[in-house]
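Single-structure report; data block below.
The values are calculated or read from the model by the stated rules, or taken from the named source; none is laboratory data. Since the structure is predicted, the reported quantities are computational estimates derived from the model, not experimental observations. Positions of Cβ are backbone-derived with ideal geometry, glycine not excepted, and every protein chain shown enters the neighbour counts.
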């Protein structure tokens, strides 16, 4: 007869297998709140550049020092996001914030801090807080560092690139937005898919 200590050790060895078999027969697992969920958005940003000869501009100079490379130049912006390259398409969100020329050796080294404020669709009223840089490169990334509404505790990344249809007035950037945020009522199915729970 096995000693109690040997029996306990044997049971510990089998425990992962027993738990695995039990979960295999469970159709749905409820994750511990809050549950992370991922959303991917594909949108186009319209930056109507500042200046006296740009009547449709959606940004304005706040500070324009005479430093080399425009160091310290600060603009406030209210850019727009649409689903297509057409600036007159349905407004999905506004990108509101500031961009500051933070480079002392390069005229195109902008620091950006902004909120994406959703105006329409399922995320209307929610926001994303976004930070990053904007350089002379046609591609880049911004970080999602927070969110509100449906995007509570959001994090993620925005990959952007200049669109070929950009012109001197409308600098169009294609945005691929990957958002991870916390949803209170989500079910995790056996296949790993996330499903919202309808209350």
### Query
Can you tell which of 152, 133, 127 is modelled with pLDDT of 95 or more and more than 10 Å from the chain's Cα centre (by Cα)?
133
### Query
Which strands (runs of 3 or more DSSP E) does region 1-92 wholly contain that include 2 or more residues that are modelled with pLDDT of 55 or more and within 22 Å of the chain's Cα centre (by Cα)?
35-48, 74-82
### Message
Take residue 115 and tell me if it is without any contact (Cβ under 8 Å) to a residue 40 or more places away in the chain and over 22 Å from residue 144 (Cα atoms).
### Response
no
### Tally of residues being touching a residue at least 24 places away in the same chain (Cβ under 8 Å) and touching a strand residue (DSSP E or B) at 6+ places or on another chain (Cβ under 8 Å) across region 60-88
17
#### Entry: region 148-161, residues that are at negative phi and touching a strand residue (DSSP E or B) at 6+ places or on another chain (Cβ under 6 Å)
148, 151, 152, 154, 155, 157, 158, 159, 160, 161
#### Entry: Single residue of region 119-152 satisfying the filter (touching a helix residue (DSSP H, G or I) at 6+ places or on another chain (Cβ under 8 Å) and in a loop (DSSP other than H, G, I, E, B)) that is nearest to residue 180 (Cα to Cα)
126
### Message
Residue under question is residue 106, and the condition is that it be touching a strand residue (DSSP E or B) at 6+ places or on another chain (Cβ under 8 Å) and surrounded by fewer than 16 Cβ atoms within 10 Å (Cβ to Cβ); does it hold?
### Response
yes
